[in-house]
């Protein structure tokens, strides 16, 4: 089970998972150089969403999420990779999320609204779909990013009659 607690001033939401009887923080570092990012507060029509998928085929669910610059209006999609824990707060569960700040393709999409994994080429490797909104427009634009991850195992889709 995953929960989050929100700090309404900075819109920072540490992710915690249940490790009975405690909750363990698995993501709490939202700082990229001098910029602090936070989750976009959800609304009834557009709730806070964490889309899960194994983008690197390591057997652990990674995540795509929309973050907002807390000191400005920049809003982008970020990849959260599920990695072995390297901080004291998550040693009991062994895993944590690491934000990939250096994904240039994702960074190039401004005003991101929704991000999700999708297997576009039906090859078993998850690609990314991002919806963004142009400044001053109501219409959304869709961006498809091909995952160029090369694995030593491949997926074969078998279809019957």
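Read-outs: derived from the displayed coordinates by stated rules, not from any lab. Being a predicted model, the structure only gives us computed values, none of them experimental. We place every Cβ from the backbone using ideal geometry, glycine too, and count neighbours over all the protein chains shown.
Per the Cauchy relation, a quarter of the hull surface: what is the mean projected area of the convex hull of the alpha carbons in the stretch 58-161, in nm²?
Working: hull surface 40.2 nm².
Directional mean of the projected Cα hull area for the stretch 58-161 stands at 10.0 nm².
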Sort 60-71, 137-148, 121-132 by the packing proxy (mean of other Cβ within 10 Å over each peptide's residues), most packed first. 60-71, 121-132, 137-148
